[in-house]
Amino acid sequence: MELSKHNNDAELEIKKSTVLNSGWSAKARIDAFERLAKSGLPTVRDEYWKYTNPKTLTNKIVEKASLLPEHESDIFKSVSPLKIVFVDGKFSPEKSDEFILSGLSIERLDTIKKLDLHWAKELYGRYEKLGQLSVSRPLAAYNTAYANEGLIIHVTDRVECPINIIYEHEDEYSDVILHHVIKIDSNAELTLLESGAAAARLNQVLEVEVNEDAKFNHIRVLGRDHERRAATHIFGELSRGSTLKSFTLTVNGILTRNECFLNIAGDDAMAHISGACVGDGDFHHDDTVFVTHDAVGSESRQVFKKVLRNGATGVFQGKILVKPDAQKTDGYQISQSLLLDEDSQFLAKPELEIYADDVACSHGSTSGAIDEDALFYLTSRGISKPVAIDMLTMAFLAEAVDEIDNYNLKDVILELLSGWLERRR
Amino acid sequence: MLKINNLHVSLEDEDKEILKGVDLTVDAGTVHAIMGPNGSGKSTLSYVLSGKEGYNVTDGSVELNGDNIMDLEPEERAALGLFLAFQYPIEIPGVGNMTFLRTALNAQRKARGEDEISATDFLRLVREKAATLKIDSDMLKRPVNVGFSGGEKKRNEILQMAMLEPKICILDETDSGLDVDAMKLVANGVNALRNEGRGFLVITHYQRLLDHIKPDVVHIMADGKIIKSGGPELALEVENNGYSDLLDEAS
Ligand SMILES: Nc1ncnc2c1ncn2[C@@H]1O[C@H](COP(=O)(O)OP(=O)(O)OP(=O)(O)O)[C@@H](O)[C@H]1O
Ligand SMILES: [Mg+2]
């Protein structure tokens, strides 16, 4: 990526021409490109990037990311999902299941992008654009403009079988852009699982439209390859009575910025977004969340827990915006970190902005160490100190992991977490 | 079995001596009670014996069955058979009572080179012991001590003791906060564990616990020292006259 606020017109024209030949999505791409040209790529001088330096996300050169000796492709096998595999952003038909599942259609952006017409025309870039009204999110605009690959999913019924998008990482210098669009019709339901490191550098956007009384369950596990970098965005729009639940687990990662922008546009809708992360050393993890309540009687929860050690950094920027007519809003936000040593740091900016008068909103942010009294209690019963610390660490993470309703999926996450802790004992 | 010799302890953070030369020996098969005014150092003694951080042992020694335990970690002391029922049991949100008990039991077994207990044997054992202490299955499922009443926490301590079958049991004011019936349950729980191989150190302010758990020896602790030791009649004397006579006698 190379783009600054001082782009000259000639350069702009060239960039523009590359997005022009893109069929139905051309207009959205040109729009996105113009948004991007206006804002420029982010720098640490931007307020929104105060705690996370975006340099390695925007640099032309991709930093090397060494590979884990083994893939962790099958972490969700206990729920037998439909598997769709991308290797460094390239679709792998050999490793993927056929896209046959009743109640939904799945297409790839790469194969449909030359078409003149497609239903996704109405959606592609639409919610990303909406998400730029409050704060500019240039990496997402960049993504909309340039993405060539991703899944376009239309869910028309309640689909029991989860879809698992698996992102394998085999190239130490891969630079990947993925853009997924999901439309869930009224009363339909989808569980989307995502797993894997994806690339040395990943820029991903997920736009999801959850229509009336529809449900979207989302669990993702960002891969363990430590040197990877990722900037991801979720843009969600919720209609009346709909539910969106998204949980993210991050173990390792030298730089992760996960943005989530949700617009609750329909009455009585519910959005829960949560995350657990554990990091060591030069780990840097940033959760930036923005939930807008623009309807009556809706509920949102943000639950984020971070375990940081050996100088790791955690960032949380979370906002609940309640619009004037969004009465009876119930908004909850908690972000906490457990610092396992004095070198680690947690930077938090929790915000509430409320324009309606009949609402219940609360937020809290804490950062603390292991409770010495609890540790003594456990060890006095014969539990060794490292095991006791792990038990207290898992207990700390529990509130976030408890956001996952499905027991099997919860177990998968708990196992990954305890595995990480055990490897570091 | 437990041999405390001229134990001097001060706080790590402040220059303050709390235990000023404690001498005490608990033989296997006996029950020793410690009474004493508030702030005399009874809980401090129990913490130091269990290996809590924050204290400096400036003089003296503690042996458990011939091993010097003062350099050991709390978990190593537990594996050797030392158990403290806390005056104020800690609440641990997020850690299930059952998981906690099973992890503790297996950790001790492993430390002693024994096999882990199977899940079914564990369940059977814990249900049986919990029933005698009137601890219902709902309490077992909850996080450790979270939302337990004062008396429930104390019963939970005795449940842990019954599960772990320690060699030396230190009970720090286990009777405080218990109603009359619960006191009997707890006393029965303790008495059920009394045998030749096991010693007890029971810290209490009241004679009534000692009606149920009959001590062999009663010690009076004041200002960081044992100022008098005697038979069960010493506890009755305290109950009737308070500490002033004993304190005068000592000074
Ligand atoms: N960590 C600490 N910091 C400061 N003072 C302490 C600390 N621990 C103990 N003390 C002091 O040491 C003394 C002994 O306390 P301890 O709790 O052992 O008394 P106790 O005999 O158990 O009293 P009680 O009968 O009230 O339970 C008290 O004066 C107490 O204030
Ligand atoms: Mg005390």
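What single numbered condition from (1) touching an Asp or Glu at 6+ places or on another chain (Cβ under 6 Å); (2) surrounded by fewer than 20 Cβ atoms within 10 Å (Cβ to Cβ) fails to hold for A:Arg301?
Answer for A:Arg301: the failing condition is (1).
Out of the range A:240-259, which residues are more than 10 Å from the chain's Cα centre (by Cα) and among the charged types (D, E, K, R)?
Scanning the range A:240-259 gives A:Arg240, A:Lys245.
Modelled with pLDDT of 75 or more and not in a helix (DSSP H, G or I): is that true of A:Leu68 in this structure?
On the way: modelled with pLDDT of 75 or more: yes; not in a helix (DSSP H, G or I): yes.
It is true that A:Leu68 is modelled with pLDDT of 75 or more and not in a helix (DSSP H, G or I).
Got a sec? Which of B:Val26, B:Val62, B:Val95, B:Val48 is within 14 Å of chain A (Cβ to nearest Cβ) and more than 15 Å from ligand 1 (Cβ to nearest atom)?
B:Val95
Among the strands (runs of 3 or more DSSP E) lying completely within the range A:157-266, list those that include at least 1 residues that are closer than 20 Å to A:Val315 by Cβ and among the small types (Gly, Ala, Ser).
Because the criterion is at least 1 residues that are closer than 20 Å to A:Val315 by Cβ and among the small types (Gly, Ala, Ser), the strands (runs of 3 or more DSSP E) in the range A:157-266 that meet it are A:229-238, A:243-251.
Of all residues in the range A:60-75, which are under 16 Å from A:Glu172 (Cα atoms) and of a type outside the set (A, V, I, L, M, F, W, C)?
Initially, the range A:60-75 is screened for residues under 16 Å from A:Glu172 (Cα atoms), giving A:60-71.
Matches in the range A:60-75: A:Lys60, A:Glu63, A:Lys64, A:Ser66, A:Pro69, A:Glu70, A:His71.
Just the residues that are touching a Phe, Trp or Tyr at 6+ places or on another chain (Cβ under 8 Å), aliphatic (A, V, I, L, M) and not in a helix (DSSP H, G or I), please, taken from the range A:107-146.
If the condition is that a residue be touching a Phe, Trp or Tyr at 6+ places or on another chain (Cβ under 8 Å), aliphatic (A, V, I, L, M) and not in a helix (DSSP H, G or I), then A:Leu115, A:Leu117, A:Val135 are the ones that fit.
Of the residues A:Ile75, A:Ile84, only one is within 21 Å of the chain's Cα centre (by Cα), open to solvent by less than 30 Å² (accessible area, probe 1.4 Å) and modelled with pLDDT of 90 or more; which?
After ruling out the rest, the residue left standing is A:Ile84.
Condition first: surrounded by fewer than 20 Cβ atoms within 10 Å (Cβ to Cβ) and within 14 Å of chain B (Cβ to nearest Cβ). Now tell me which residues in the range A:354-376 satisfy that.
Within the range A:354-376, A:Thr366, A:Gly368, A:Ala369, A:Ile370, A:Asp371, A:Glu372, A:Asp373 qualify.
If I filter the range A:377-425 down to residues being outside any helix (DSSP H, G or I) and in contact (Cβ under 8 Å) with a residue 40 or more places away in the chain, which single residue comes out as least open to solvent (accessible area, probe 1.4 Å)?
This residue is A:Ile404.
When you look at B:Asp71, is it away from ligand 1 (no atom under 11 Å from the Cβ), part of a loop (DSSP other than H, G, I, E, B) and open to solvent by 70 Å² or more (accessible area, probe 1.4 Å), yes or no?
So B:Asp71 fits the description; yes.
Of (1) in a strand (DSSP E or B); (2) more than 10 Å from every other protein chain (Cβ to nearest Cβ), B:Phe83 satisfies all except one. Which?
(2)
From A:Ala37, A:Ala28, A:Ala32, which residue is modelled with pLDDT of 90 or more, open to solvent by less than 70 Å² (accessible area, probe 1.4 Å) and farther than 29 Å from A:Glu168 by Cα?
A:Ala37
If the requirement is being within 13 Å of chain A (Cβ to nearest Cβ) and open to solvent by 40 Å² or more (accessible area, probe 1.4 Å), which of these qualifies: B:Arg77, B:Arg127, B:Arg109? Before the answer, list the steps.
Working: B:Arg77 fails: open to solvent by 40 Å² or more (accessible area, probe 1.4 Å); B:Arg127 fails: within 13 Å of chain A (Cβ to nearest Cβ).
Of B:Arg77, B:Arg127, B:Arg109, the one residue that is within 13 Å of chain A (Cβ to nearest Cβ) and open to solvent by 40 Å² or more (accessible area, probe 1.4 Å) is B:Arg109.
Identify, from the list B:Gly39, B:Gly54, the residue that is near ligand 1 (Cβ under 9 Å from one of its atoms), at positive phi and either within 14 Å of chain A (Cβ to nearest Cβ) or buried (at least 22 other Cβ atoms within 10 Å of the Cβ) (or both).
On inspection, the qualifying residue turns out to be B:Gly54.
For the range A:51-87, give me each residue that is within 30 Å of A:Val135 (Cβ to Cβ) and either among the acidic types (Asp, Glu) or in contact (Cβ under 8 Å) with a residue 40 or more places away in the chain (or both). Let's see the steps before the verdict.
Within the range A:51-87, the first condition is being within 30 Å of A:Val135 (Cβ to Cβ), and the residues that meet it are A:51-63, A:65, A:86.
Residues satisfying the conditions are A:Tyr51, A:Thr52, A:Pro54, A:Thr56, A:Leu57, A:Thr58, A:Asn59, A:Lys60, A:Val62, A:Glu63, A:Ala65, A:Phe86.
Scan the range B:140-171 residue by residue and report those that are buried (at least 20 other Cβ atoms within 10 Å of the Cβ) and more than 12 Å from chain A (Cβ to nearest Cβ).
Those that are buried (at least 20 other Cβ atoms within 10 Å of the Cβ) and more than 12 Å from chain A (Cβ to nearest Cβ): B:Glu152, B:Lys154, B:Arg155, B:Ile158, B:Ala162, B:Ile168, B:Cys169, B:Leu171.
Pull up the range A:163-197, narrow it to residues that are closer than 26 Å to A:Lys60 by Cα and acidic (Asp, Glu), then point me to the one that is most open to solvent (accessible area, probe 1.4 Å).
Among those residues, the one meeting the criterion is A:Glu170.
Could you check, for the range B:113-124, whether at least one of its residues is touching a residue at least 24 places away in the same chain (Cβ under 8 Å), polar (S, T, N, Q) and more than 13 Å from every other protein chain (Cβ to nearest Cβ)?
No: the range B:113-124 contains no residue that is touching a residue at least 24 places away in the same chain (Cβ under 8 Å), polar (S, T, N, Q) and more than 13 Å from every other protein chain (Cβ to nearest Cβ).
In this structure, does A:Lys306 turn out to be more than 14 Å from the chain's Cα centre (by Cα), of a type in the set (D, E, K, R) and not in a loop (DSSP other than H, G, I, E, B)?
So A:Lys306 fits the description; yes.
Residues in the range B:87-97: is at least one among the aromatic types (Phe, Trp, Tyr), within 16 Å of ligand 2 (Cβ to nearest atom), at pLDDT below 95 and not in a strand (DSSP E or B)?
Yes, the range B:87-97 contains at least one residue that is among the aromatic types (Phe, Trp, Tyr), within 16 Å of ligand 2 (Cβ to nearest atom), at pLDDT below 95 and not in a strand (DSSP E or B).
Go through (1) open to solvent by 20 Å² or more (accessible area, probe 1.4 Å); (2) closer than 28 Å to A:Glu399 by Cβ; (3) at pLDDT below 95 one by one and return the number of the condition A:Gly223 breaks.
Going through the list (1) open to solvent by 20 Å² or more (accessible area, probe 1.4 Å); (2) closer than 28 Å to A:Glu399 by Cβ; (3) at pLDDT below 95, A:Gly223 breaks only (1).
Okay, residues lined up against (1) within 16 Å of ligand 1 (Cβ to nearest atom); (2) in contact with a strand residue (DSSP E or B) (Cβ under 6 Å, 6 or more places away or on another chain); (3) among the basic types (Lys, Arg):
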site	(1), (2), (3)
B:Leu159	no, no, no
B:Met163	no, no, no
B:Ser176	yes, no, no
B:Val180	no, no, no
B:Lys184	no, no, yes
B:Ile203	yes, yes, no
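The values are calculated or read from the model by the stated rules, or taken from the named source; none is laboratory data. All of these numbers come straight from a predicted model, not from anything done at the bench. Heads up, the Cβs are rebuilt from the backbone with ideal geometry, glycines too, and the neighbour counts pull from every protein chain shown. Remember, those area values only see protein heavy atoms, side chains included, never the ligands or the DNA or RNA. Shrake-Rupley method; radii C 1.70, N 1.55, O 1.52, S 1.80 Å.
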